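Novice: Attaching a single structure in structure tokens format; questions to follow.
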Amino acid sequence: MPKSTCQNCGQHIEFPDELNRTEAACPHCEIETLLSVSTVPTIRIPKPKAAAPEQRESGTDSPVLPVANQIIQNVEHVIVGKHQEIALTLTAYLADGHVLLEDVPGVAKTMLVRTLAQSLGCSFKRIQCTPDTLPNDITGTSIFNPKTTDFEFRPGPLFAQIVLADEINRATPRTQSALLEAMAERKVTADGTNYDLTPPFILIATQNPVDHEGTFPLPEAQIDRFLIRLSLGYPNATQEVAMLERLQLEHPINQIQPVVQTDQILKCQQAVRQIQVDSKIAEYVVGLMQASREHHDLSLGGSPRASIALMRSAQAYAAIHGYDFVMPDDIKLLAPFVIEHRLILKPESRLRKRTVQNVIDDLLRSVSVPTLPRGSYRWWRGLFSRSWPLSWGWFCSWAT
């Protein structure tokens, strides 16, 4: 079937032969365009709308792409129908951040972390938080050795590369605060001695938002330490049937083997830092944070740490999809996951049934998205690897 290029949006349109040289409404932009077989070469640039992570087309410019694909495919052997959540968790890991999984019991929060750890071949420890858990139970303690007549430090579970803090809101504030130094500085202080944690280090915490009896809500200062907050949600009927079929004989996690090595993850984290962030993208991120601090529904807006988190997340997200630069759509897609848990609503806004998600939608609508000025060739280097076909003739007429 022949293809034509829309003169307005640049998208490809398939049409039957009998409609050649006729006008029809473009299915993408709904504007009348002339249907004719395109014979000129095309340039590929991004689509104007960001697709969901599971539908987004991949580029080829990032060395992180093949590693990310291996990890995601391996995890999906166990976790069914949660491609977006897996991709976002990997985004946080490659951005050298931490993840807060907040959802009801039984939706595979712990299983996601276990499968990710086995796929990466990293050391993994689980902390089951309870009200009687002490800080030394997490960081480690010094034990007297009668043979050497000296105290020996026994590292706690926090010294693993991937740490799961299960039901973190059941631990006391004193125990929760023991995690802060490790999350911020990748260090643990015990008995006056500093110990470096083995990279790559990530803390993934879970909490149940339903049952609050006997829990200690995380303070805002600690929630702000998490790069991304996710909610897995229930699978649909088809996905749940597929899950039951996989579990019929044995649990699929028993068959999971490491697909990458630790040094590959470290190289990917370094490659993420090299992802290009244009000055206009940085201004866009700062504009969102400034608007949040002035929003009438918020008592606390985004901090500079939130700006850094959004930029780092966008770099990692672009890298795992094969791109070597950040687009505004990356920022818009990640904003709800990165800044929602950092914003605090005013009490009167809650009474009006306003939510933080409503505020984020307001911010994304009010802050102008950076665009290319007409006649400017800035940003075109690297943009051709994206996936929006455009004819040479249209490009030349636009640029001049």
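Throughout, read-outs are computed from the coordinates displayed, never taken from laboratory work. From a predicted model like this one, the values you see are computed outputs, not experimental measurements. As a convention, Cβ positions derive from the backbone with ideal geometry for all residues, glycine included, and neighbour counts pool all protein chains shown.
Novice: Rounded to whole Hz and in sequence order, give me ³J(HN,Hα) for the stretch 136-146 from the Karplus expression 6.51 cos²θ - 1.76 cosθ + 1.60, θ = phi - 60°, writing x for Gly and Pro.
Specialist: The phi angles translate into 5, 5, 9, 7, x, 8, 9, 10, 6, 9, x Hz.
Novice: Further question on the same structure: Rounded if a/c is under 1.5, else prolate if a/b beats b/c, else oblate: with a ≥ b ≥ c from the C-alpha gyration tensor eigenvalues square-rooted, which is the stretch 78-192?
Specialist: Prolate shape, in that a/c is at least 1.5 and a/b is the bigger ratio.
Novice: List the residues, sorted by chain then number, that are 5 or more residues from Asp103 or on another chain and whose placed amide H is less than 5 Å from its amide H.
Specialist: Gln207
Novice: A further question on this structure: Based on the Cα atoms of the stretch 210-348, what semi-axes does the equivalent ellipsoid have, where each is the square root of 5 times one gyration tensor eigenvalue, given in whole Å with the largest first?
Specialist: The three semi-axes for the stretch 210-348 are 32, 25, 15 Å.
Novice: Sort 152-161, 233-242 by the packing proxy (mean of other Cβ within 10 Å over each peptide's residues), most packed first.
Specialist: Most protected by this proxy first, the peptides run 152-161, 233-242.
Novice: Let me ask another. Send over the per residue convex hull volume for the stretch 153-262, Cα only, as a whole number of Å³.
Specialist: Expressed per residue, the convex hull around the Cα atoms of the stretch 153-262 is 175 Å³.
Novice: Follow-up. From the convex hull of the Cα coordinates of the stretch 93-134, what is the mean projected area in square nanometres?
Specialist: Mean projected area for the stretch 93-134: 4.2 nm², to one decimal.
Novice: Assign unit charges at the C-beta atoms only (+1 for Lys and Arg, -1 for Asp and Glu), then state the dipole size of the stretch 63-271 relative to its Cα centre in Debye, rounded to the nearest 20.
Specialist: 360 debye
Novice: How would you rank Arg365, Arg305, going from fewest to most other Cβ atoms within 10 Å of each one's own Cβ?
Specialist: Lowest to highest Cβ neighbour count: Arg365, Arg305.
Novice: As I understand it, the dipole of the stretch 63-271 uses +1 on the Cβ of Lys and Arg and -1 on the Cβ of Asp and Glu, about the Cα centre. Which of Thr172, Leu65, Thr189 lies farthest toward its positive end?
Specialist: The listed residue farthest towards the positive side: Leu65.
Novice: State, to one decimal in nm², a quarter of the convex hull surface area for the C-alpha atoms of the stretch 63-271, i.e. the direction-averaged projected area.
Specialist: If you wrap the Cα atoms of the stretch 63-271 in a convex hull and average its projections, you get 13.6 nm².
Novice: Another question, then. Which residues' amide hydrogens lie under 5 Å from the amide hydrogen of Lys346, considering only partners 5 or more residues apart or on another chain, with H built in the peptide plane?
Specialist: Leu298, Ser299
Novice: Step through the residues of the stretch 300-306 one at a time and calculate ³J(HN,Hα) from phi using the Karplus curve (6.51 cos²θ - 1.76 cosθ + 1.60, θ = phi - 60°), rounding each to whole Hz and writing x for Gly and Pro.
Specialist: Couplings: 9, x, x, 8, x, 5, 5 Hz.
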